[in-house]
1. Any idea how many residues of the stretch 214-227 are over 15 Å from Y130 (Cα atoms) and of a type outside the set (V, I, T)?
2. Tally the residues that are over 22 Å from G78 (Cβ atoms) and touching a residue at least 24 places away in the same chain (Cβ under 8 Å), restricting the search to the stretch 174-203.
3. Is one or more of the residues making up the stretch 147-162 in a strand (DSSP E or B) and surrounded by fewer than 20 Cβ atoms within 10 Å (Cβ to Cβ)?
4. Write out, first by first residue and then by second, each pair whose Cβ atoms fall under 8 Å of each other, whose residues are 6+ apart or on separate chains, and whose first residue, in the stretch 63-78, is without any contact (Cβ under 8 Å) to a residue 40 or more places away in the chain while the second is of a type in the set (D, E, K, R) and surrounded by fewer than 15 Cβ atoms within 10 Å (Cβ to Cβ).
5. When L11 is evaluated against the numbered criteria (1) of a type in the set (A, V, I, L, M, F, W, C); (2) in contact with an Asp or Glu (Cβ under 7 Å, 6 or more places away or on another chain); (3) surrounded by fewer than 17 Cβ atoms within 10 Å (Cβ to Cβ), which criterion, by number, is the only one it fails?
6. Please work out if N98 is surrounded by 17 or more Cβ atoms within 10 Å (Cβ to Cβ) and farther than 23 Å from V221 by Cα.
7. Which one is farthest from R151 (Cα to Cα) among residues in the stretch 46-82 that are touching a Lys or Arg at 6+ places or on another chain (Cβ under 8 Å) and crowded, with 17+ Cβ neighbours inside 10 Å?
8. Anything in the stretch 187-202 that is in a loop (DSSP other than H, G, I, E, B) and either within 20 Å of the chain's Cα centre (by Cα) or farther than 17 Å from L135 by Cβ (or both)? List them, or say none.
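The values are calculated or read from the model by the stated rules, or taken from the named source; none is laboratory data. The structure presented is a predicted model; accordingly, all values stated were derived computationally and were not measured. Please note: Cβ atoms are built from the backbone with ideal geometry, for glycine as well, and neighbour counts cover all protein chains shown.
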Amino acid sequence: PTPTPSGPVRLNLTLDLKASAKLVGAEATLTGGGLQPSSAYVLTMHSTPVVIARGKTNSMGGFRASITMPGKACVTGGMHQLILTGTAPNGTTVRDSNWVLLNDSCTAQTGTSARPKSNTVQLRSFIFPYQSARLSLTAKRSIRSLVSSMRGATRITITGYTQTKRQSKAAKRANRILAQRRAVAVRNYLRVLKVRTPIRTVGAGGVNPVSNKSQRLNRRVTITVRF
């Protein structure tokens, strides 16, 4: 007789991948239980399906595997989903998934594998010189490295910020104008880089500080991408 699966149906995919780390060489753990005995489990990278790993459950419907992400996981930049599938005792397919935002160099752009809330992710911030909306060479280089990860985006929002110490009415107005100029500078550079996704700019001004002690960190813009 066929052994009875042990416990409830469960499937779990854990990907250990930090922001700015390469996907190739990252460790992933695949586990499952309560599945059909000797049935297949498969880990696939989507949206263009690429099979990363496969195996079979044991006689009790369980499995555990640790894998190193291979080179074939390096698909084009953008938002991708790693999906682990298995078969429940009743024949239905069960799944668990992790999400990864990559650029064309196969580098992760975020440090989370959870499904993005509302399909939106925030990319890194860029620091500006004091009282300036000029993009530094370092900022331009960082923006260029992000462009391929925006592939497939439906909207980009660029929000500019300033230092927060000056809080008079006139200072707040001036800060909003400077923040808007910073956001527009990033938008214009993305256009130079041939990014055609709709872009919204916001001049937030001297609000939501990253640090109250190091005001330099507040002279920034953030880029949020919706897929």
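1. 2
2. Final tally of qualifying residues: 13.
3. Looking through the stretch 147-162, at least one residue is in a strand (DSSP E or B) and surrounded by fewer than 20 Cβ atoms within 10 Å (Cβ to Cβ).
4. From residues that are without any contact (Cβ under 8 Å) to a residue 40 or more places away in the chain, the pairs are F63/K56; S66/E27.
5. Here L11 meets the rest and fails (3).
6. Considered against the rule, which asks whether it is surrounded by 17 or more Cβ atoms within 10 Å (Cβ to Cβ) and farther than 23 Å from V221 by Cα, N98 comes out as yes.
7. This residue is F63.
8. V195, R196, T197, P198
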